[in-house]
Amino acid sequence: MRGHVTNEFDVVGASADEIWAVYGDKNLPNYVSGLQPGLFELLEIVEGDGGVGIPGPREWKEKFTTIDDGRMVKQVQQIEGGFLGIGFTLHEITFEILPKDKDSCIIKSTVKVDIDSQSEANAAAITVDSMYGMARAITKLVLNNKAKQ
């Protein structure tokens, strides 16, 4: 079974470039635990410098498969553990920053999954809740930093 869930978060007061400066940063995994306290206990880059092809943080391993500054797109795919351990054959998150005007944009987060037929009940675990929280936290960070300038 294939499926996806998508969230679109409207940003007012910050441009797509300002939001992408955080999302596109290869050090984003280092910021996430501070941006969403209580959600992640520890985020650790176990290999490489956080760029494309490097396994990411959390209780499973992820790999950034795309960081495209021109299109403002970042993709991360689980490569070990996590959802792959409960019947999923694909768990991929795509973040897209879509410009609206000079001071607004949309943060579009999509979770795409493939799951084997014996594990379809686990599909209910797929949500965009953490992606929504991340979009809200990054927007708040950018807006607070702009207010200090």
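Rule-based calculations on the coordinates, nothing more; no lab input. Small disclaimer: the values here were computed from a predicted structure and weren't measured. A quick note on method: Cβ atoms are made from the backbone with ideal geometry, for glycine too, and the neighbour counts reach across all protein chains shown.
Counted by neighbouring Cβ atoms within 10 Å, the residues 84, 90 run from fewest to most as 90, 84. Residue 102: which lysines have alpha carbons under 23 Å from its alpha carbon, excluding same-chain residues fewer than 8 sequence positions away? In chain and number order, the partners are 74, 140, 146, 148. Placing R0 at 41 angstrom, the Cβ-Cβ distance between residue 80 and residue 143 gives a FRET efficiency of 0.70 after rounding to 0.05. Under the combined filter of DSSP loop state and at most 15 neighbouring Cβ atoms within 10 Å, region 76-112 retains these trypsin sites (Lys or Arg not before Pro): 102. Summing +1 for each Lys or Arg and -1 for each Asp or Glu among the other residues whose beta-carbon sits under 14 angstrom from that of residue 2 gives -3.
Return the FRET efficiency for the residue pair residue 98, residue 120: r is the Cβ-Cβ distance, R0 is 41 Å, and the value is rounded to the nearest 0.05. For R0 = 41 Å, the calculated efficiency reads 0.85.
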